[in-house]
Amino acid sequence: MSSSSFSAAHSQASTLCLPPGSWQTVFDCLCEHFSAIGREQWLDRFARGRVLDGQGSPIPLDLPYKQGLRIHYFREVPDEKPIPVVESILYADEHLVVADKPHFLPVTPTGGYVEQTLLRRLIRRLDNPNLVPLHRIDRHTAGLVLFSANPQTRSAYQSLFPTRQIEKRYEAIARALPDLSFPLVHKSRLIKGEPFFRMQEGAGVSNSETLVEVKEQNGELWRYALYPVTGRQHQLRVHMTALGASICNDPFYPQVLKDAQDDYANPLKLLAQGLTFLDPVTGQERTFESAITLQW
């Protein structure tokens, strides 16, 4: 396997340093360490070359166990349920891919989603295992996601985000806030909440900032333009809740909707609508707009 091919494969695989134990083989270690996965499944993964060593080569079934050995394995979800939404590709060249992600589709493998993710779909569609997302948006959020298509120029694009050289514009539909003056800037300190997947505002120096504007008024609902200065997890959802206007159809805020099933007819009214930046490779100014529209 070439270095570039292994780098791409590594980006899609999970990594494990083998824990202390007295197993005879790596196979025995994995079977016990991941007891929820049956031996037959591990046998199948080894047979298909889905367990790799540090150099990216398939591990033989009889490889002796060694504590601390770093191995890579590919997560698989048996009978993974299809997600009945379709992504679109707005732009693609040798360096960059811009995708329009529909609601409910995860960007990368997580939990019960592996093949039904934007990343895996685009890898198959473009036949490019080197694809790596440059940023993330929530599964419930729709809109623009940038991917690096070339390892040689990846770091140039990745640097756009921590250095805030990219303008991100979101759109949301939430209840009207006639008692507030817009545009406004909301700053707060975001910390982990309960349950573990939620965020909340806490005391202390702010680490998140969002500019909020009103785009359109429609009775009790308004369409907002949101400009996140920072990119914290669930930042826009928490900030809108703090202002008194949780985004429509949000299953997590202000409270978690227990046993909520994906309602494809009523998605979260949040859209990553626009991205603007100076392309670090070509020097061109890039502006991308989502083709998705939030319906009232």
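Take the solvent-accessible surface of the protein heavy atoms, probe 1.4 Å, and return the percent of it on region 88-289 that carbon and sulfur atoms account for.
In region 88-289, the share of accessible area belonging to carbon and sulfur is 48 percent.
From the phi of every residue in region 135-148, what ³J(HN,Hα) in whole Hz does the Karplus formula 6.51 cos²θ - 1.76 cosθ + 1.60 yield, where θ is phi - 60° and glycine or proline is x?
7, 10, 10, 4, 4, 7, 8, 9, x, 6, 9, 9, 10, 7
Out of region 142-251, which GluC sites (Glu not before Pro) are coil in DSSP terms and have no more than 16 other C-beta atoms within 10 Å?
Counting only loop positions with at most 16 other Cβ atoms within 10 Å, the GluC sites (Glu not before Pro) in region 142-251 are E220.
Note the full-extension length gain between Q24 and E40 as 0.36 nm times their separation in residues minus their Cα-Cα distance, in nm to one decimal.
Extra length from Q24 to E40 when fully extended: 4.0 nm.
Once the convex hull of the C-alpha atoms of the chain is built, how many Å³ does it hold per residue, rounded to a whole number?
Working: hull volume 48.0 nm³, N = 296.
Value for the chain: 162 Å³ per residue.
Report, in listed order, any pair from K215/K258; K81/K187; K81/K215; K101/K215; K66/K192 with a Cα-Cα distance greater than 30 Å.
Correct reply: K215/K258; K81/K187; K81/K215; K66/K192.
Please find the FRET efficiency linking K215 to D127, where r is the Cβ-Cβ separation and R0 is fixed at 45 Å, and quote it to the nearest 0.05. Kindly include the intermediate steps, with their values, before the conclusion.
Numbers: r = 39 Å, r/R0 = 0.86.
For K215 and D127, the calculated efficiency is 0.70.
Quick check: pseudo-label points 7 Å beyond the Cα along Cα→Cβ at Y264 and F74, how many nm apart are they?
Taking the two extended label points, one gets 2.6 nm.
To the nearest 20 debye, what charge dipole does the chain have about its Cα centre, counting +1 at the Cβ of each Lys and Arg and -1 at the Cβ of each Asp and Glu? All intermediate terms of the calculation are to be shown ahead of the outcome.
Values: 31 positive and 32 negative charges, 92 e Å.
So the dipole magnitude of the chain works out to roughly 440 debye.
The values are calculated or read from the model by the stated rules, or taken from the named source; none is laboratory data. Everything numeric in this text was worked out from a predicted model, so none of it was measured. Note that we place each Cβ from the backbone using ideal geometry, even for glycine, and neighbour counts take in every protein chain shown. Areas reflect the complete protein model, heavy atoms only, side chains present, ligands, DNA and RNA absent. Shrake-Rupley method; radii C 1.70, N 1.55, O 1.52, S 1.80 Å.
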